[in-house]
Amino acid sequence: MDSEEESRTEMYDYSEDDGMCNMKSNHEKLLTIQTCLYSFIFALGLLGNILVLATYAFYRKAKNMTDIFLVNVALADLLFVLALPLIIYNENYSWSMGTWACKLLSGTYSINLYSSMLLLACISGDRYVAIVKARNSFGIRKKAQIYSRLICSIIWLLAISLSIPTLIYYKVIELENLNGETEETVCFFKYNTTETAKVMKILLPSTQVSVGFFVPLLVMGFCYISILLTLLRAQNYQRHKAVRVVLAVVIVFILCHLPYNVLLLVHTKNLFAPRPCKEEQNILFALNVTKIVAYLHCCINPILYAFIGVKFRNHFCKIMEDLWCLGKRYFTSGRYSQQTSELYIPAHKSSFEVDHENPSSFSM
C-alpha cells in the first residue's frame, strides 16, 4: 500500500455489510458547525487574550511566576486564535492555499495544545506553593521566579519539538471517489510507508493524550485538590470564595478536554481492528465536534485565569475608563483642534501608572 492509499483509508474504510464506507458522509453538517463555533472562538478569544496582554503591557508588569505563565498562555492562545480564520477559509474552500497552509495551521494547533496545557500545569504548581506551602512559599517562589522565563522557554521548545511530526506529515491530499475522480481536497496525515503509518497512527495520538492532557490533568488535580483542602480549612470568606474559583478552573478544564481525549484513545485503540461503517462515521464525527469543544478553552482561559481575579479586574476597569476618556477627548479635540496635544498628555500619563502592588493576578 503506497502513501496515498494509506491516507485514503482514513477517509474510506471497508465494512463487511456496506462495502466501501465513506467517512466524509457528515462533512457538510460538520463544516457548518465548525464555521459557526470557530467564528465565535475567534471573536471571544481574540478580544480576551489581547486584553490580557494589553493589561500586562501597560497597566501591570509580570512580576511573579503566575503572571509570567499567564502572559505565555495568552500568547499561545492568541497564536491559535489568529490561525482560525485561515482554518475556516481553507476548510470551506478545499485547502486552496496549499500544503504550506496545511502544515502551518495544523502545527499551530499542536504547538498551542502542548504549550498552553503545560503552562496551565505550571500555574497550578505555583498556586500550590503559594497557598499550601504558604509559610515557606516566599523563599521557594523567589528562587523559582528567577527561572520562570527559562521554564517558559523550555515549554515552548518542547511544544515545538512535539509538533514536528505534524509539520512533517500533514499534507494536502486529493480524495477520489469509486470512479477515480477527485471528490475532495483535505489536510491530513500522509505517510511515506505503511510501517511509518502504523507507528505514527499510534505514537502521535498517544503523545497528544498523555503529554497534552493526562500529565497536566494529574498535576492540576493534585495541586488543586491540595489547594481546596487548605482553603476549606481557612475560616475566611475570601478564601471560601476562592474555592469556587478553583472548582471552576478544574471543571472547565475537564469539560473542555476530557471528551475529546477519551474518544481519541478509543479511536486509537480500535484503529487496526474491523469497525462497522456507521460506528466509524459516528466516532469520527464525535471526534471533530469534541475537538471544537476543546478549542473553546483558549477563549475561556482569560476569564478563568485573569479577569476572575480581583486585582486583574481592577486593571481591566482602568483600561475601559482610560479608553472612554481618550474617546471623549478625541471627539472634543475635533471641535477644538488647537487643544489636541494638551488633551492627550493627561490620558497618556493615567494609562501607564505604575502598580506598586505585587499580588498574583490569579489571587486566591
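Since every read-out is calculated from the coordinates, none of them should be taken as a lab result. Owing to the predicted nature of the structure, the values given are computational and were not obtained by experimental measurement. With ideal geometry, Cβ positions are generated from the backbone for all residues, glycine too; neighbour counts draw on all protein chains shown.
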- Item | Flagged links, alpha-carbon separation over 28 Å, of K133/K291; K103/K269; K269/K291; K291/K318; K103/K278 | K133/K291; K291/K318; K103/K278
- Query: Can you sort K269, K201, K133 so the residue with the fewest Cβ neighbours within 10 Å comes first?
  - Reply: K269, K133, K201
- Query: So for Y295, Y109, Y147, fewest C-beta neighbours within 10 Å to most, what's the order?
  - Reply: Y147, Y109, Y295
- Once amide H atoms are built 1.01 Å from N in the peptide plane, which residues 5 or more positions from T185, or in another chain, come under 5 Å H to H? L175
- Relative exposure of R135, R127, R329, R244, judged by other C-beta atoms within 10 Å (fewest first): R135, R244, R329, R127
